[in-house]
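Single-structure report; data block below.
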Amino acid sequence: MKIIILTQYYLPEIGAPQARLSELAKHFSKLGNEVTILTAMPNYPTGYIFEGYGGLSMTEKIDNINIIRSFIFPSKSVKIIPRLMNYFSFVISSTIIGLIKLSRGGLLIVESPPLLLGISGYLLKLFKNYKLIFNVSDLWPDSAVQLGILKKGNILNLSLKLEKFCYKKSWLVTGQSREIVSNIKSRYPKIETYRFSNGVNTDMFHPRKKTLILDQWSSRKQIKIIYAGLFGIAQGLDQILLSAKILKDENIQIILIGDGPEKDNLDDLKSKLDLKNISFVAPQKRDKIPELLASADIGLVCLKKHIPGAVPSKLYEAMASGLPVIMIGEGEPSEIVSKNNCGISVKPGDPNKIADAMRKLSSDPNLRNEMRSSSRKVAVREFNRSTILEQFYDYLKKKSDY
């Protein structure tokens, strides 16, 4: 098969889509398929083009996969105009560069969000004779409405029409959670859907990778609680800082690793609350994340509010690393944690209950060990990315008749 993956986010950036799509590309390539990535100049989450990249277009190879890159207006601003400039710049450049550099025929997998990338995907499908697979990692515009980014009005109406258009023009719509697939299927029952979970590389993320690496940020505290990921609106990390204030006299250090549009606000809040039990750490290379997670005592996965369909990949990575998880959220991710005894679920927006969960796990090593074991077993049994990729490939091969 010939497979093109169109995504705004890819290596050497770090993040959920970058990791998932790179492993998808490597898996398909090893099976003898011709795989090409059409993506933007790397800039996420810093909002600056990475050193060594730039211009209108360039090509390279990562993991022996052909990468075609095109121009993007870099920004990590949460304001609507810079965000739209960021999205539209890549929609336009990827369409032009794709029409020039991509060959005809094959499967085109489009990663959403951003939803706007569906425009580029459709045009490439039209002119290059691709079978369009629209992969929904977050339900947009629903998620944007939930987070207060979009209000009722013309922009929301146009977004809903674009969402419907993207689904209707796709050969297949994939969703990364049961809630996403169920939501799409309930609104568009005739559309072919497939659950394509994020999952986790359970060989890469493993308890055996535990070291003393976190001691440099632990302020000599005994219990180390870790979050590694985006500092964005959807994560609502301010509630972690408010919980830290309640726990200021406990033998707990909360280590937050990453960057993003909310980083400056979080810095200001940390200073305002005079928090010594919070450590901010700059983004780390992808190959360091397994060691960082395995070296913690407790994992944190945080959402600002219930976002239907959202199951952060950080949850799977923490579970595979053998961590008891404090899941701040509702819906599917909370169900995974509670049903499988992998940690404690807390509804968003309640710093007191978040602090209670941290205190409970920190003070009970037997409970932590019990949940560690459950987390690892469930990750291997249900969310092993290798198995997920094999099943997805078999499905595509059968459906496409290649």
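The values are calculated or read from the model by the stated rules, or taken from the named source; none is laboratory data. Everything quoted here is computed from the prediction, not taken from an experiment. Note: ideal-geometry Cβ built from the backbone for every residue, glycine included; neighbour counts use all protein chains shown.
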> Can you name the residue in segment 249-281 that is modelled with pLDDT under 95 and in contact with a strand residue (DSSP E or B) (Cβ under 7 Å, 6 or more places away or on another chain) and, of all such residues, is nearest to Ala19 (Cα to Cα)?
Replying inline: Gly258
>> Given the criteria of a type outside the set (Lys, Arg), crowded, with 20+ Cβ neighbours inside 10 Å, on the phi < 0 side of the Ramachandran plot and not assigned by TED's automatic domain parsing to the domain that holds Lys76, does Leu230 qualify?
In response: yes
>> I'd like to verify a number: residues in segment 318-334 that are part of a helix (DSSP H, G or I) and under 19 Å from Met358 (Cα atoms), how many?
In response: 4
> Among the listed residues Lys314, Lys360, which satisfies the condition of being within 25 Å of Arg220 (Cβ to Cβ) and part of a helix (DSSP H, G or I)?
Replying inline: Lys360
>> Checking the conditions here, which among Lys164, Lys190 is outside any helix (DSSP H, G or I) and over 24 Å from Leu361 (Cα atoms)?
In response: Lys190
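Out of the residues in segment 241-256 meeting the condition of being in contact with a helix residue (DSSP H, G or I) (Cβ under 6 Å, 6 or more places away or on another chain) and aliphatic (A, V, I, L, M), tell me which one is surrounded by the fewest Cβ atoms within 10 Å (Cβ to Cβ).
Among them, the one singled out is Ile246.
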> Which of the residues belonging to segment 93-137 are in a strand (DSSP E or B) and among the small types (Gly, Ala, Ser)?
Replying inline: Gly106, Ser112
> Looking at segment 169-187, which of the residues that are basic (Lys, Arg) and not in a loop (DSSP other than H, G, I, E, B) is farthest from the chain's Cα centre (by Cα)?
Replying inline: Arg187
> Looking at Ala296, Ala310, Ala357, which is the one that is modelled with pLDDT under 95 and under 25 Å from Leu241 (Cα atoms)?
Replying inline: Ala310
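Any residue at all in segment 345-356 that's among the small types (Gly, Ala, Ser) and either touching a residue at least 60 places away in the same chain (Cβ under 8 Å) or part of a helix (DSSP H, G or I) (or both)?
yes
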> Within segment 241-257, which residues are assigned to a loop (DSSP other than H, G, I, E, B) and either in contact (Cβ under 8 Å) with a residue 40 or more places away in the chain or touching a Cys at 6+ places or on another chain (Cβ under 9 Å) (or both)?
Replying inline: Leu247, Glu250, Asn251
>> Among the residues of segment 310-330, what is the count of those that are in contact with a helix residue (DSSP H, G or I) (Cβ under 6 Å, 6 or more places away or on another chain) and surrounded by fewer than 24 Cβ atoms within 10 Å (Cβ to Cβ)?
In response: 1
> Between residues in segment 318-331 that are more than 13 Å from Ser295 (Cα to Cα) and residues that are assigned to a strand (DSSP E or B) and of a type in the set (S, T, N, Q), which pairs lie under 7 Å by C-beta distance while being six or more apart or on different chains?
Replying inline: Met327/Ser345
